[in-house]
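Let me begin by presenting the structure, written as structure tokens, before commenting on it.
Readers should treat all values here as calculations from the given coordinates under stated rules, not as data from a laboratory. It should be emphasised that the depicted structure is a prediction, and the values quoted were computed from it without experimental measurement. Cβ placement follows ideal geometry from the backbone for every residue including glycine, while neighbour counts extend to all protein chains displayed.
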């Protein structure tokens, strides 16, 4: 991807010979770009590409080339990484006005060019509508989804072209590295990271400074490894970071390498992230070309080489020792060793493994100081955290919030609440082996942090956050996650392999209406055992979905087992729909929607569902405007 | 280092594993996937014990946990016993006739009929795979993942690099690997399926089949120059011993008449 015209293009790419060169080069880049020049920013994250943003860009380029500009400055069209607001994609932002257009199609492009770019007027139908006031919100800075976030690691995503290193440099990339190489000793870098109270963003929350310190103490060849094997269903924090701002991650890794005394880095990235791999390859090549990676970085004598290794689709390879095994070319299975990888990890050498988001936090920590970073968030969980907000919530997407923010603020403030006037039932955090937090009961104001989430039986995890409404069956949720883990368990150790499959058997039976009185006790026993006795992090948290749902939704399990009923109307053998003749207006909408022809009734007369024909697809239930269809 | 096992003080060297120290001191810790000759893999988890170090109590596997400082170990706490009971119940369902598991079941009060029996015929201890890697021809591997994981040869085909050493059959705690010598061939049968077939060597003296025809180079390389016994690869061990005894006897009693007929002498 490139650009049409602007002065930044006229600045040649050169090899920077010193940190001073970088600062000067950046000054030139900033001076060359006029903040008031017209720009069309198109989100080209995976989500927006899937909904057609590449076609939108093509249409824009054609339309802009064909339009008569009459002496006006030609707008620059800029593809960027994921803006986060994926449910509204493809997203287009018009600068300098900061006009936010959602669900843009190639058909909208001529109007955008004539009305906005040439005429200076917004295209009203493409603007965001407030979920509360229903009024139009033209600027992205006023949309609660964006305005309530605190962006540190996502700061440049959506502003820079990830395939263009000059754009990243103009936004401050590698300034942290330049500062460290000129002003700080490796020990001082570690001290800053320790002072920042940064904790691992991959899930376990181990203090990053302590990890670096422990690795720096070791002798011999040391490795810096980046865990980009993000596999939680519905989570895409790391993917968006790599796709949108790869240089931030590379800079964080280089800083780690400088701090621990390493010259070799690896990024273990999912092969299912082709765009991330492509941006990374381009970013590494460009950074090496400019002397920001590779040999003799910025002429300081410090060398650091990074290569990418792609996984083969195993969730378990996100576990640190399995990842290192896989990186060595062996089967990706966790190693049974009571030894930290900072002492003996990859190739039996001291290895520092951090998650993508952890590395992405480091450049700003070095640039602004550890104390600055620690001033965000809470005392025990400093800084910000990126969450992938999904499920039954209006604004699905990627959000970065300070630690300590309440779940209410995330779900209702940023997420815009629950669609279809449904009640919020639970929030699941921490990926498949996280836990479900019941919301209406007591936890809506819980402050998000490593400790607080663990206290209520869930975990921070890598940042998946699934919002569940009243139509969610918690037994089915537990069954779904356990099924995922059965598929993804490596199978070496007996508690995880056998415990999970037995729990899945029991849960499947319960959801099919064949639950037994002993099932709950068995689930609790096997679940606790699996968590206590398994070998790796996957196994020791695998039972969390079961344990947390039993803890908070026991009555729902009991309804399935004793009454043979699924209160949420999800488990098909355990409920049926009936139309309440008192409130049915006979509007006929359900009859029209029913794909099985199971509903009959005269117009304006109460309708009836024929149970033998009903396939329980939920269409009638969802369509009824009078809540006349009951789950029994 | 002050180590207490079940309240009794014992001596231990740094980096020794809990299982080593316990066994040296006569404390029983069950293991299913561990033999002292192989690197521990901690797969069966039945050796899990409770350890308190620096005020922190947790569960660790005794087979591979290295002792590094003062520690208090409980090998039979309630939590440990409960977990072992469940491991035995779960594994027994995979391999319902194992006598090793039955003995452990009795000790820990496991209900052998708790889970519906399966016909996996393997408890996934991985010993055969590890011994094959370190002693044999490295033909067995853990294939697949999750519940599908199983011991198999590459691509499930009979392996042509098996040396027929039989270490896998010897080490299997549930006796589901068999070695059958039939018609001049050795067959390695893993859970009822032929994993390899190796031609047997015929004794040039007495004519019996006595061991697999193998390329000795990797074995010799692994053993190093020293320690490799000098043996006659054409003669079976019985004939070899007889021949040696005869030579010794002849040297000693040179003046006497030759002994009885020895087939090994007629090669």
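In terms of surrounding Cβ atoms within a 10 Å radius of their Cβ, A:480, B:253, A:273 rank from fewest to most as B:253, A:480, A:273. Among beta bridges identified by DSSP and lying wholly in chain A, the antiparallel ones come to about 55 percent. In whole Å, what is the distance between the alpha-carbon centres of segment A:151-189 and segment A:538-561? The two parts, judged by their Cα centres, are 44 Å apart.
Axis of helix B:99-108 versus longest Cα principal axis of chain B: the two differ by about 20°, to the nearest ten degrees. Note on segment A:443-514 and segment A:246-262: Cα centroid distance 35 Å, given to the nearest whole angstrom.
Relative to the longest principal axis of the Cα atoms of chain B, helix B:237-252 runs at roughly 60 degrees. For segment B:128-223, the equivalent ellipsoid built from the Cα gyration tensor has semi-axes of 25, 15, 11 Å, listed from largest to smallest.
Quick check: the angle from helix B:78-94's long axis to the longest principal axis of chain B, C-alpha only, nearest 10 degrees? Once rounded, the angle reads 50 degrees.
Measuring nothing but how far apart in sequence close Cα pairs (under 8 Å, 6+ apart) lie, relative to its length, segment B:128-223 scores a relative contact order of 20 percent.
Distance distribution P(r), segment A:1-87, all Cα-Cα pairs, bin width 10 angstrom from 0: 15, 35, 32, 16, 2 percent.
Listed from fewest to most Cβ neighbours within 10 Å, the set B:162, A:536, A:617 follows the order A:617, A:536, B:162.
If you take the C-alpha gyration tensor of segment B:1-125, multiply each eigenvalue by 5 and take the square root, what semi-axes do you get, largest first, in whole Å?
Values: eigenvalues 158, 44, 26 Å².
Equivalent ellipsoid semi-axes, largest first: 28, 15, 11 Å.
When the convex hull of the C-alpha atoms of segment A:165-374 is computed, what volume per residue in Å³ does it have?
Numbers: hull volume 23.4 nm³, N = 210.
Per-residue hull volume (Cα only) is 111 Å³.
Which whole-number percentage describes the relative contact order of chain B, with Cα contacts under 8 Å and a sequence gap of 6 or more? It comes to 11 percent, rounded to a whole number. Rg then Dmax, both in Å and based on the Cα atoms of segment A:450-514: 13.8, 38. Extending 7 Å from Cα along the Cβ direction at residue B:15 and again at residue A:371 yields two label points whose distance is 4.4 nm.
Stokes-Einstein diffusion of segment A:151-271 at 37 °C, 0.692 mPa s viscosity, Kirkwood radius from Cα pairs, rounded to a whole number: 214 µm²/s.
For segment B:17-88, the spread of Cα coordinates along the three principal axes comes to 30, 27, 21 Å, biggest extent given first. Dividing the Cα radius of gyration of segment A:408-532 by its Kirkwood radius returns 0.99 for Rg/Rh. Cα centroid separation, segment A:357-389 to segment A:31-65: 30 Å. Here the Kirkwood formula, the inverse mean of 1/r across different C-alpha pairs, assigns segment A:255-379 a hydrodynamic radius of 16.2 Å.
For chain A, just say rounded, prolate or oblate: build the C-alpha gyration tensor, square-root its eigenvalues into a ≥ b ≥ c, call rounded for a/c under 1.5, and beyond that prolate if a/b exceeds b/c, oblate if not.
Here chain A falls in the oblate category.
Only Cα pairs under 8 Å and 6+ residues apart enter the sum, and on that basis the relative contact order of segment A:474-561 stands at 38 percent. No solvent, one uniform scatterer per C-alpha: report log10 I(q)/I(0) for segment A:384-469 via the Debye equation at q = 0.16, 0.22 1/Å, two decimals. Here log10 of I(q) over I(0) equals -0.50, -1.01.
With bins 10 Å wide beginning at 0, the percent of Cα pairs of segment A:474-561 falling in each bin runs 20, 57, 21, 2. Each of residue B:23 and residue A:74 was given a label point 7 Å from its Cα along the Cα-to-Cβ line. The distance between the two points is 7.8 nm. A convex hull fitted to the Cα coordinates of segment A:576-631 yields 63 cubic angstrom per residue. Simple spin-label estimate for residue A:600 and residue A:115 gives 5.0 nm between the two label positions (7 Å along the Cα-to-Cβ direction from each Cα). Every Cα-Cα pair of segment A:38-143 was included, and the share exceeding 16 Å stands at 53 percent. Binning the alpha carbon pair distances of chain B at 5 angstrom intervals from zero yields the distribution 1, 5, 10, 12, 12, 12, 11, 10, 9, 7, 5, 3, 2, 1, 0, 0, expressed in whole percent.
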